[in-house]
Structure formats: C-alpha cells, structure tokens
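Presented below is the structure to which this report refers.
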Amino acid sequence: MQSIVVEGKNRLSGEIKVQGAKNSALPILAATVLCDGKTVLTNCPALTDVFSAERILTHLGCRCGFSDNTATVENDGIKNPHIPDTLMSEMRSSIIFLGAILGKTGECSLSFPGGCELGARPIDIHLAALRRMGVSISEEFGMLRCQVSKELHGAKLTLPFPSVGATENIILAATLAKGETVIRNAAREPEIRDVAEFLNKCGADISGAGESTVVIHGVKKLHACEHRIMPDRIVAATYLSAAAITGGEVTLTDIRAEDIESVMPPFEEMGCYTYISPDSVYIKAPKKIKRVKKIITLPHPGFPTDAQAILMAVLCRAEGTSVISENIFESRYKHVPQLVRMGADIKVEGKAAIVGGVSKLFGTTVSATDLRGGAALVIAGLAAEGTTTVTDIAHIDRGYDEIERALSSLGGKVSRI
Ligand code: EPZ
C-alpha cells in the first residue's frame, strides 16, 4: 500500500501546467462507444479511473491504448453490451457508459453502481430520463437490465436537479436516437461543453451544452475524431490552494480563464493577489491568509463541490473562522476527522462546517477517505509542522496524475513511498 509523505513548511513557487480533466476524459471515453473508427484523445491524464474506463471499453469490444497522455480507442462494433460487476465496482461513475451503450446497441446490462464515500449516489434522474426515451429498465438482484423497446427516441426532459452525470448520459443516448431531445435544467459544468464539442466533431448535432437548456438532434452515425481533453479546473484549484497555504507564488498554465472563475472568489477574500489571463492563472499568497466568511457549494457556475475539501484545508490556517456549506452531496465531510487529527479546529453541523483558523497544524499519519478529501490532506501537510504521511492514496490517484511530482516541481517536499 503506497503513501504520500509531505515535509511541511516549504513555500511553493514556480510554474506548472494543469493536467487534462478527469471529469471530461471519462464521459468522452464513454462517448467513443458511439463512434466508429479510431478516436485519439490528447492531453488525457494518466489516472486509474481513465484506465478503468479503458478496461470497460476493452470488455465491450474496443481496442484501447494509452501512452504519453494520449488515449486511443478503436471501435469497430460493440461485441458485448454488458459491464460485469468487477469493472462496475472499480469506478462508480461507470454509469456514464449506460447512455452510450444504449445509443449504440439498444441494450445494456450492468450492476447497480453502489454508493461511494460521498453518499448514496442515486441514479434515479438518469433512469427516469432513459425510460422517457423508450428504454425499458428492470432492476433485479442489484443488476440493471436495459432494453430499448421499439426505438430509442428523443424526449423533452426537465431534470429535477442539474445532475452532471444524468445530463451527460442523456446527451450520449440522444446523439443516435430518433428525433429531437431537449434537456431543461441541464447541468452547466464546463466538462459537459467539452463532451458536446467532442461529439459534434464526430458528427453529432448538439447545441446549448454548458447552458441550462441543451438540444440534441439524433443523427444516423458518428465517426471517430481527434480531441484534446480540456484542462482540469479542480486540479487547478488544488495547486492554487497549495500556493495559498504556503504563502507561495505560483503560475498555472493551460487553464481556461472561464473555467476557473468559480473558484477564485475565496482566494481573493483570503487576501491572495490573483491575475487571470486567457490560458493561465497567477496567484501570490500573503504570509497569513484571512478567513473566508462563507463558501457555499452549488451546481456550476456556483462554487464546485469538488473544491470544498481542498479549500477547507487552506482555511484551517486562516486568521479567523470560515463557514463552508456543502449542498451537493449528503456526506462530503469525511476528511474533517483527518484534518482534526492534524490539529485543525472544525465543527460539522449538518450541511455546515465551521472552520476555526489555527496557528499550527501538526504532521501525523492520516488516511485519504475519498479523492478530494485525500488531496486536502496533502495540502494541509504542506503547511503542517514536521512530516505528514497520507495513506490509502489510491483515492488520490483516481484524479491526480502524480500529485507528488507536481507539488515537488513547485518546491514542495512531497514523495511517494
Ligand atoms: C459528477 O458526479 C462528478 N463526477 C463529481 O466529481 C462531481 O462532484 C459531481 O459531478 C458534481 O459536480 C464525474 O464527472 C465523473 P451529480 P455525478 O449527478 O455526475 C444527486 C470528483 O471528485 N443525484 O451532479 O455523480 C447526487 O446524489 C467527482 O471528481 C440524484 O439524486 O454528480 C448528488 O447529491 C466526485 N439522482 C447530486 O445529485 C441522480 O440520478 C449531484 O450529483 C443523480 C444525481
């Protein structure tokens, strides 16, 4: 079992390129199921979730490759529209394959994606929409059996919640369906725009992706294409946090200004100087950061839930008390007890976390509870006295392409053992 070891109290400085976005690469890899031929995805991060997605594609009958941050998927027909439990349980977001497999083959069976560290992770919104598009779905013994009854057809859908995964699943199912699909109250995360850009390059007819109403006109077929995965705005927020908690000065390159805007206000309120240009962000942090009155996680363009744990780690060292309100997932505070073990002063009351700034954090051994919670512990370790050892780092490797190398390149003393 590997661990990440952090020697605290080193100021970060320098320049770093942001990796490709996990939450764009995964739905786009699922979308290759719809595309005949060889898809080439550049700027694709080397993540365990990406490799899990490629294992699913291989199982479905595609030939996959990965080298030097380029993923390839050769699809000359889906041989087997069934995802076994072993592959489903590797990555809960594998549900994103459902819409694509149905769109391509008209049938799909997979095991019900279990919950995860963040909570139950229901898929009711996904299934209700697919039923409206002509899919009959039975759930038995933990298996989902989906079958297009007559034909997969468009529908006018209003989502009860702007679910990212449900929006993506519907778009994937609608690209080859008959007629027009309209999604109202769609999720507006930038990754959805990237998925639509990829699909339109393959011959799809999607408009409005990234806005709250998306319209898809079904086409007969999709061909493969080459696409560059967009930069990862949550990894960018992670590096900005590393600079903020160490009084550092860092420039991030290959990050789109419009994608990072939703996480910038707390850094400015802390007293960091930031400068955003079209494809880079500069941050210079003060020696002592100030508290942030309130961080409220919301669907995009609100503050992203994925950056909540990471900003919480920074605020443990702020002067004064900050309040965080987590409104997207029902249990996304599993990192709090681990931060408290490092000397943080955090109280959770329902959706709210009250973070009292402390003058010192202390290095100790802590365990990653989930992807972003694990990253938060590494960030806290950068400012802690002594050595912090983070265990269970498989969670972190799901979303960060060698986090220790990235932080070390900025002067952090971070290693993997
Ligand atoms: C995506 O998850 C991301 N994952 C998550 O990132 C991210 O936290 C989340 O969107 C919100 O931005 C990927 O893109 C692979 P949702 P997803 O459907 O699609 C409820 C990370 O750290 N809901 O928008 O699962 C759900 O329970 C990961 O990279 C239903 O009730 O998020 C949750 O409370 C973690 N019924 C809320 O909506 C449904 O059918 C948001 O879920 C679907 C969702």
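The values are calculated or read from the model by the stated rules, or taken from the named source; none is laboratory data. Fair warning: this is a prediction, and the values are worked out from it, not measured in the lab. Please note: Cβ atoms are built from the backbone with ideal geometry, for glycine as well, and neighbour counts cover all protein chains shown. These area figures cover heavy atoms from the full protein model, side chains too; ligands, DNA and RNA do not enter into them. Shrake-Rupley method; radii C 1.70, N 1.55, O 1.52, S 1.80 Å.
What are the residues in the stretch 117-148 that are away from the ligand (no atom under 16 Å from the Cβ) and surrounded by 14 or more Cβ atoms within 10 Å (Cβ to Cβ), if any?
Matches in the stretch 117-148: G134, M143, R145, Q147, V148.
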Members of the stretch 382-402 found to be closer than 17 Å to M1 by Cβ, open to solvent by 10 Å² or more (accessible area, probe 1.4 Å) and more than 15 Å from the ligand (Cβ to nearest atom), listed by number: T389, T391, D392
Tally of residues being assigned to a strand (DSSP E or B) and more than 23 Å from G247 (Cβ to Cβ) across the stretch 338-360: 6
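Out of the stretch 255-275, which residues are among the acidic types (D, E) and buried (at least 17 other Cβ atoms within 10 Å of the Cβ)? Spell out the reasoning first.
Initial filter on the stretch 255-275 (among the acidic types (D, E)): 258-259, 261, 268-269.
Of everything in the stretch 255-275, those that are among the acidic types (D, E) and buried (at least 17 other Cβ atoms within 10 Å of the Cβ) turn out to be D259, E269.
On the basis of being over 23 Å from E191 (Cβ atoms), among the small types (G, A, S) and surrounded by fewer than 23 Cβ atoms within 10 Å (Cβ to Cβ), does G320 make the cut? Quick ask: steps written out before the conclusion?
On the way: over 23 Å from E191 (Cβ atoms): yes; among the small types (G, A, S): yes; surrounded by fewer than 23 Cβ atoms within 10 Å (Cβ to Cβ): yes.
Yes; evaluated as a whole, the condition is true for this residue.
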All conditions in (1) surrounded by fewer than 20 Cβ atoms within 10 Å (Cβ to Cβ); (2) within 16 Å of the ligand (Cβ to nearest atom) are true of L371 except (1)
Being within 11 Å of the ligand (Cβ to nearest atom), closer than 19 Å to G247 by Cβ, out of contact with any Gly (no Cβ under 8 Å at 6 or more places or on another chain) and open to solvent by less than 10 Å² (accessible area, probe 1.4 Å) is the requirement here; does I379 meet it? no
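Could you pull out every one of the helices (runs of 4 or more DSSP H) wholly within the stretch 149-255 that has 2 or more residues that are away from the ligand (no atom under 16 Å from the Cβ)?
So the answer is 190-201, 233-245.
Filter the stretch 159-171 down to the residues that are over 15 Å from the mean Cα position of the chain (by Cα) and under 13 Å from L127 (Cα atoms) and list them by number.
Passing the criteria: L159, P160, N169, I170.
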Can you pull out the residues in the stretch 271-307 that are within 15 Å of the ligand (Cβ to nearest atom) and under 11 Å from A244 (Cα atoms)? none
Checking A100 against (1) among the small types (G, A, S); (2) assigned to a helix (DSSP H, G or I); (3) open to solvent by 10 Å² or more (accessible area, probe 1.4 Å), which test does it fail? (3)
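More than 16 Å from the ligand (Cβ to nearest atom), out of contact with any Gly (no Cβ under 6 Å at 6 or more places or on another chain) and at positive phi: which single residue out of G343, G412 fits that description? Let's see the steps before the verdict.
Working: G412 fails: at positive phi.
Exactly one residue qualifies, and that residue is G343.
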